[in-house]
Amino acid sequence: MDIKVENLVRSAALVVLGLPIVLPISGAISANTRVSPGARAVQEFKDDLSLPCLKYVFAKSDTKAEREAKNQIDEVLGGDTNYSSVCKYVL
């Protein structure tokens, strides 16, 4: 193997000049991808309600399936709600 000094110097120069540019960019990207606690709570809320809302949306009116879906939604929200609005938001 023939090691050329020019190639080593060129590689070292690229690293020295490239790091100050790459590091701040990667830090900015990772800072923007962090999820806030509020966004995480909203996503958990939607995750908890997604299956009951799907059941509610696809169940026929005044059936056992619709009542079970409404009961599951009530358990998550802690009381009577406007089911169609909640499910529209979740889905």
Could you list, ordered by first residue, the pairs with Cβ atoms under 6 Å in which the first is in segment 71-83 and under 12 Å from Asp48 (Cα atoms) and the second is acidic (Asp, Glu) and in a helix (DSSP H, G or I), at least 6 apart or interchain? Val76/Asp48
Within segment 31-40, does at least one residue satisfy the condition of being modelled with pLDDT of 80 or more, in a helix (DSSP H, G or I) and hydrophobic (A, V, I, L, M, F, W, C)? yes
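The values are calculated or read from the model by the stated rules, or taken from the named source; none is laboratory data. All values derive from a computational prediction rather than experimental measurement. For neighbour counting, all protein chains shown are included, and Cβ atoms are generated from backbone atoms with ideal geometry for every residue, glycine included.
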